[in-house]
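What follows is a short report on a single structure.
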Amino acid sequence: MAHKEQYSRRSFLKISGLLAAFAAVPTSVKAFYQDVKQYLIPKKNVSRLTLNINKTSHTLYVDTRTTLLDLVREQLNLTGSKKGCDHGQCGACTVHIDGERALSCLTLASMAQGKEITTIEGLANGKELHPMQKAFVECDGFQCGYCTPGQIMSAVACVNEGHTGSVEEIKEYMSGNLCRCGAYNGIVQSIQKVAAQ
């Protein structure tokens, strides 16, 4: 008689209900996870961009949130522009947009569409270095070299914009580019050398 009560209809329904509830938990947890993920991580919006970089046209499909720095480094493999602080404070990512210097870590790639972009890779004329690149070599304008691409791009803009009237003026213009090695004297000499040509 006790054996019959152990396997009653009531106990069968209780156990079946518990198993069904247990099986339903993973589905609800997964759905909850997806809801939270969509709330916290917005869905990517991809757009088609045509960018003119170093005199070459590139058509790419990119996330609308992609910075110009990430695009040139990760999608075009132009790794000369460096990601230093990624907050626009060190100048290692400096490029030229329509001839003016710009911090590529703070510039959305979509904002550069239809403009002429020049990175450090596009500065030289074939195998012949740009005069500023030569001057950096001759005046010891770099040590470890990490900040050098950004320094050179800003130095070219410094000369082109005519901010070479004095050492103080050059230092003020170049103050957005940091060099942890302290090669500032060589950098200023390089700029003066190119400005005098």
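The values are calculated or read from the model by the stated rules, or taken from the named source; none is laboratory data. All of these numbers come straight from a predicted model, not from anything done at the bench. Glycine also receives a Cβ, built like all others from the backbone with ideal geometry; neighbour counts cover every protein chain displayed. We work out accessible area using only protein heavy atoms, side chains counted, and drop any ligands, DNA or RNA first. Shrake-Rupley method; radii C 1.70, N 1.55, O 1.52, S 1.80 Å.
Quick notes on this one:
- Accessible area of His87 in the full protein assembly, 1.4 Å probe (Å², nearest 10): 130 Å²
- Spin-label pair Leu106-Ala31: with each label point 7 Å from Cα along the Cα-Cβ axis, the two points sit 4.6 nm from one another.
- Overall dimensions of region 45-145 by Cα: Rg and Dmax, Å: 14.0, 47
- Rolling a 1.4 Å probe across the protein heavy atoms gives the chain an accessible surface of 64 Å² per residue.
- Sites Leu19 and His58, calculated FRET efficiency, Cβ-Cβ separation with R0 41 Å, nearest 0.05: 0.10
- Using a probe radius of 1.4 angstrom, the carbon and sulfur fraction of the accessible surface of the chain is 55%.
- Accessible-area value, Lys82, 1.4 Å probe, nucleic acids and ligands omitted, Å²: 50 Å²
- The Rg/Rh ratio for the chain is 1.43, where Rg is the radius of gyration of the alpha carbons and Rh is the Kirkwood radius.
- Environment charge of Phe142, counting only residues whose C-beta is closer than 15 Å and scoring Lys/Arg +1, Asp/Glu -1: +2
- Candidate membrane-span-like segments in the chain, meaning DSSP H helices with Cα atoms spread over at least 24 Å of their own axis and a Kyte-Doolittle mean of -0.5 or above, are 9-40, with no membrane implied.
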